[in-house]
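See structure below.
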Amino acid sequence: MVCQECGARPATLHFTKIVNGEKTEFHICEHCAREKGELIPGTSGGFSIHSLLSGLLDLEGASKGKTAAASTVQDVRCEECGMTYGQFSKLGRFGCSSCYKYFDKGLDPLFKRVHGSTAHVGKVPRRAGVQIQVRRQIDELKENMQQAIAQEEFETAAELRDQIRKLEKEIAQE
Amino acid sequence: MPNLRFTEQALSEWMRSGGSHSEIVISSRVRIARNIVHHPFPLLANEEQAEKVMDVLAPVIDENQATGYGTFQLVKLDELGELDKTVLVEKHLISPNLANDSRGGAVLLNEDESVSIMINEEDHLRIQCLFPGFQVKEAWDRATSIDDIFEAAVDYAFDDRRGYLTSCPTNVGTGLRASVMMHLPALVMTQQIGRILSAVNQVGLTVRGIYGEGSEAAGNIFQISNQITLGQSETEIIENLHSVVIQIIEHERNARQRLLNDSALRITDRVMRSYGILKYAAVMDLKEASQRLSDVRLGVDVGILQEPSISVLNELNVKTQPGFLQKTFGDKLNAAERDMYRAKLLRETLGTTH
């Protein structure tokens, strides 16, 4: 799809604007988006991933300033670096790794929007993550065991059960 | 001032060999973002805190010269002039972000410039591996093995549920950004590119210009990368990108074939005309240079032209950038002078081939 503004570059941003119940669809390229900053709610001129994110985060606290509860959310502070949730939602970036802990409540909806998911399933640091890795391995083995049982492969299932027991014992000892 | 062979030469050693599908895929890159626990992210860190991060991270590679990827040199950004920083960005060895806000920033570069480890960019550590052609899996293997070296020496900020904790919420989880730079002139000419790019967006990938976020796709070069870093494993991310890129390669090949079948004369004319202009023009702006170089690259790839070599074209893509031009011809060139010197450089480089 070609950008509806310049008609030359490919459209990479697709969004819908609703004004007084009237729906308008936009398909534009980043270049034109930057030039026509007013097209995108919440951005003026400087268009970046952080301003988009900050837009998303503002939705979280859409009622900010109106109720006491909303302003407390904005005031939540990371005790390690001192950043508040309000600052985080403006900057679109965390101040330190502990922010994840202090702002945890507000993060699931954000991660869901950005990544479609809230939990990590990838690589785990070897040194710090031996337990996590073993636990994941156990989960995988359990799944395989269920499959084996469903397919009436009881010998395989028994082998898997023994492996699971062995790993569970290892974790318990650590 | 450190000895900077990295900014003297336009083409990194790693770019000299082709890699697979090199007629369409220019390069593959993997970047992983990591942070150390109990240190504020660079966004908030003061000079002293940034220095501390550098003191923790830089020696890890110093002491590990046996990484198998050659000797590394530590380049502190504060010690570089603006022009050298621009050249490092033009060569994709550092991000524009690190060049612009280099407070306490540094980069560890290996000899062939295939590994670039940024310190105090948006995250404490960004490990980047570059490969020529389509080798995104190889780039990931290398990046993860360097990650293991760091992980053995420092405590990463990692959470059982959220994964690797990064400064920006868009990188959390794997911290992995895998990207592939593709030359897609036939898809642009046949106006299929928009449809394909919007399809790409729908499968969790994004398309950007060659210098990353916010930059335009100059010379029909597009950078395709994963958008999602949380909830997918590294293998899934790499495989997803891999399979989409394979499909785009297929589409580009078909479009090239169709162009050659249906409008051979028109394409040949376009390629030859661009080659002629590159060889003889007296003034050339960057946009035109990128477009003409793209035409010539297409001509070489489909056999209309026998020369210049792809490696000369890769080199010219970098050498015609503003920073590199100024590095070569004098650091105070205005835009009009740059256009003149760009044309001169192109004439001299391409004029020697017949």
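The values are calculated or read from the model by the stated rules, or taken from the named source; none is laboratory data. Being a predicted model, the structure only gives us computed values, none of them experimental. With ideal geometry, Cβ positions are generated from the backbone for all residues, glycine too; neighbour counts draw on all protein chains shown.
Please find, within the range A:94-112, the residue that is surrounded by the fewest Cβ atoms within 10 Å (Cβ to Cβ) out of those that are more than 18 Å from B:THR174 (Cβ to Cβ) and at the interface with chain B (Cβ under 7 Å from one of its Cβ atoms). Residue satisfying both the conditions and the ranking: A:GLY95. Among the criteria (1) part of a helix (DSSP H, G or I); (2) among the aliphatic types (A, V, I, L, M); (3) under 21 Å from A:ARG9 (Cα atoms), the one B:ILE149 does not fulfil is (3). Comparison of B:VAL60, B:VAL115, B:VAL37 shows that the only residue that is assigned by the TED database to the domain that holds B:PHE158 and in contact with a Cys (Cβ under 8 Å, 6 or more places away or on another chain) is B:VAL115. I need the full set of residues from the range B:309-336 which are surrounded by fewer than 22 Cβ atoms within 10 Å (Cβ to Cβ) and not in a helix (DSSP H, G or I), in order please. The answer is B:SER309, B:GLY330, B:ASP331, B:LYS332, B:LEU333, B:ASN334. Scan the range A:113-136 for residues that are facing another protein chain (nearest Cβ under 7 Å), aliphatic (A, V, I, L, M) and under 13 Å from B:GLY163 (Cβ atoms) and jot them down. Correct list: A:ALA119, A:VAL121, A:ALA128, A:ILE132. In the set B:GLY105, B:GLY163, only one residue is crowded, with 23+ Cβ neighbours inside 10 Å and over 24 Å from B:ILE224 (Cβ atoms); that residue is B:GLY105. Flag: B:TYR280 does not match the condition of being in contact with a Phe, Trp or Tyr (Cβ under 9 Å, 6 or more places away or on another chain), outside the structural domain of B:ASP84 (by the TED database) and of a type outside the set (Gly, Ala, Ser). Every listed requirement among (1) assigned to a loop (DSSP other than H, G, I, E, B); (2) crowded, with 23+ Cβ neighbours inside 10 Å is met by B:VAL87 save one, (1).
Just so you know, in the range A:54-85 the residues that are modelled with pLDDT of 90 or more and more than 11 Å from every other protein chain (Cβ to nearest Cβ) include one that is nearest to B:THR170 (Cα to Cα), and it is A:TYR85.
For beta carbons closer than 9 Å, sequence separation of 6+ or different chains, a first residue in the range B:227-244 that is without any contact (Cβ under 8 Å) to a residue 12 or more places away in the chain and a second that is in a helix (DSSP H, G or I) and surrounded by fewer than 22 Cβ atoms within 10 Å (Cβ to Cβ), the qualifying pairs are B:GLU239/B:LYS137. Scoring B:LEU108 on the criteria (1) modelled with pLDDT under 90; (2) under 15 Å from B:THR7 (Cα atoms) leaves a single failure, condition (1). Residues in the range B:246-305 that are farther than 25 Å from B:VAL136 by Cβ, among the aliphatic types (A, V, I, L, M) and assigned to a helix (DSSP H, G or I): 12 in all.
Just so you know, in the range B:259-304 the residues that are buried (at least 18 other Cβ atoms within 10 Å of the Cβ) and of a type in the set (Asp, Glu) include one that is farthest from B:ARG342 (Cα to Cα), and it is B:ASP301. Scanning the range B:96-113 for residues that are free of Cβ contacts under 8 Å to residues at least 60 places away in the same chain, within 14 Å of chain A (Cβ to nearest Cβ) and outside any helix (DSSP H, G or I) turns up at least one hit. Determine whether the range B:31-49 contains at least one residue that is of a type in the set (S, T, N, Q) and surrounded by 22 or more Cβ atoms within 10 Å (Cβ to Cβ). The answer is yes, given that some residue of the range B:31-49 is of a type in the set (S, T, N, Q) and surrounded by 22 or more Cβ atoms within 10 Å (Cβ to Cβ). Selection over the range B:159-169 of residues that are touching a residue at least 12 places away in the same chain (Cβ under 8 Å) and within 7 Å of chain A (Cβ to nearest Cβ) gives a count of 5. May I ask you to verify whether B:LEU130 is more than 30 Å from A:MET83 (Cβ to Cβ), in contact with a Lys or Arg (Cβ under 9 Å, 6 or more places away or on another chain) and assigned to a strand (DSSP E or B)? Here the answer is yes, as B:LEU130 does meet what is asked.
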